[in-house]
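Note sheet for the following structure.
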């Protein structure tokens, strides 16, 4: 299974840079990392640095011709699941058939640094 993210132009590949980082982009980057750890192939393309990825995919090209405001576009195995927003971990996990419950992800409860051994 492959998850692809087509981002609007950003200063870096994740948008998690500069003096004022958008917390939504920070959470989304962490969620993508988690999804990759679940065995899902993750690819992320930035319109500013990877325009060829947008041009080579006819479905994505059609979407951005309609409006660049459709970005970000999230696709699973070539099928668009989201446009214009960064979905939450729970939303993406549901589409990917993954569970985010503590029991199934190996978390022991509470925050990571609340005394558990995950930190």
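If you go through the range 58-77 and keep only what is in contact with a helix residue (DSSP H, G or I) (Cβ under 9 Å, 6 or more places away or on another chain) and either part of a helix (DSSP H, G or I) or without any contact (Cβ under 8 Å) to a residue 60 or more places away in the chain (or both), you end up with 60, 61, 63, 64, 70.
Looking only at the range 40-52, count every residue that is in contact (Cβ under 8 Å) with a residue 24 or more places away in the chain and more than 14 Å from residue 10 (Cα to Cα) and tell me the total. Adding up the residues that qualify gives 4. Only a single item in (1) closer than 19 Å to residue 100 by Cα; (2) in contact with a strand residue (DSSP E or B) (Cβ under 7 Å, 6 or more places away or on another chain); (3) in a helix (DSSP H, G or I) is not met by residue 42, and it is number (3). Within the range 62-78, track down each residue that is under 12 Å from the mean Cα position of the chain (by Cα) and surrounded by fewer than 18 Cβ atoms within 10 Å (Cβ to Cβ). Result: 76, single match. Among the residues making up the range 10-39, those that are assigned to a loop (DSSP other than H, G, I, E, B) and modelled with pLDDT of 90 or more are 38, 39.
The values are calculated or read from the model by the stated rules, or taken from the named source; none is laboratory data. Not measured: the values here are computed from a predicted model. Note that we place each Cβ from the backbone using ideal geometry, even for glycine, and neighbour counts take in every protein chain shown.
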